[in-house]
1. Divide the volume of the convex hull of the Cα atoms of the chain by its number of residues and quote the answer in cubic angstrom per residue.
2. How much mean residue ellipticity at 222 nm does the chain get from its helices, if each DSSP H run of length 4 or more adds -39500 (n - 2.57) and you divide by all residues, to the nearest 500 deg cm²/dmol?
3. Where does helix 52-64 land angle-wise versus the long Cα axis of the chain, in degrees 0 to 90, nearest 10?
4. Taking the chain as a Gaussian network, where each spring joins two C-alpha atoms under 10 Å apart, which residue of Leu100, Leu52, Leu166 fluctuates the most?
5. For Cys109 and Ala61, FRET efficiency with R0 = 45 Å and r from the beta-carbon atoms, rounded to 0.05?
6. In nm, give the distance between the simple-model label positions of Arg126 and Ala174, each being 7 Å from the Cα along the Cα-to-Cβ direction.
7. For segment 1-110, what relative contact order do you get, as a whole percent, if you take Cα pairs closer than 8 Å and at least 6 residues apart?
8. Can you give me the distance in nm between label points at Gln24 and Asp160, each placed 7 Å from the Cα along the Cα-to-Cβ direction?
Amino acid sequence: MPTLGILMLETRFARPRGDIGHPQTFDFEVRRHIVRGATPARVVRGDDEALLQPFIDGGLALVADGCAAIATSCGFLARWQRELQAALPVPMWSSALLQLAEAQARGRCCGVITIDADALGAEHFRAVAADPATPVEGIAPASALHRTLLLDQPGLDPADAQVQVLAAAARLRARRPDIDTLVLECTNLPPYAPALRRATGLPVLDVVTLLNQRMASLPG
């Protein structure tokens with residue numbers, strides 16, 4: 001299978017298996033490039049156009065290193081899907097929100113779980129041709145998981161993280177019981193997707209399902 005390049009945020013928190021940064025998450029070859037200065041808070045909560053060129057430069061470096069496609073380690077980079085794809089000569093998959101758009105085109109009623117609901121807006125959805133009115137639920141702002149991922153703290157409590165993801169899904173479904181598909185925006189949440197599928201009985205889409213599907217579709 002071809003090699004995937006992943007543009008990584010500059011972080012220090014732990015990445016369990018299933019996280020986009022764990023070396024055993026994918027069964028195909030992956031090369032990673034850290035975009036210096038691209039901290040979680042700067043990418044998620046800002047709209048800093050100065051970050052776009054470093055991501056483009058990193059993507060070009062990965063292509064020069066033999067990568068056949070490029071992804072990113074933060075779903076909020078969906079906002080630059082068009083710009084990144086236009087600048088790169090290989091397929092560019094910025095976010096699990098690309099799979100949201102595909103599911104909605106098939107008639108699925110989707111809800112999104114994100115690390116920061118206040119920061120995820122209509123512009124992110126429009127940039128990947130998804131419905132800007134898609135319902136969103138965030139990880140509780142006071143939780144350890146929220147602080148760990150957004151403030152880039154070194155500790156990570158996987159048990160608490162799973163509790164927070166399940167709680168976010170419960171809040172979302174209480175508001176919107178018509179939802180039949182869940183999408184995890186955050187690339188650090190796929191480790192908890194199996195528990196989410198068991199708890200809800202719903203399909204769960206995330207960056208891992210996106211990249212496994214897209215890489216399998218590339219010519220070998």
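Since every read-out is calculated from the coordinates, none of them should be taken as a lab result. Being a predicted model, the structure only gives us computed values, none of them experimental. Reconstructed Cβ throughout: ideal geometry from the backbone, glycine too, with neighbour counts over all protein chains shown.
1. Enclosed volume per residue, from the Cα hull, is 112 Å³.
2. So the helix-based figure for the chain works out to -11000 deg cm²/dmol.
3. Taking Cα atoms only, the helix is inclined about 60 degrees.
4. Leu52
5. On the way: r = 40 Å, r/R0 = 0.88.
The pair Ala61/Cys109 has a calculated efficiency of 0.70.
6. So the label points at Arg126 and Ala174 sit 3.2 nm apart.
7. Computed value for segment 1-110: 28 percent relative contact order.
8. Distance between the two pseudo-spin positions: 2.5 nm.
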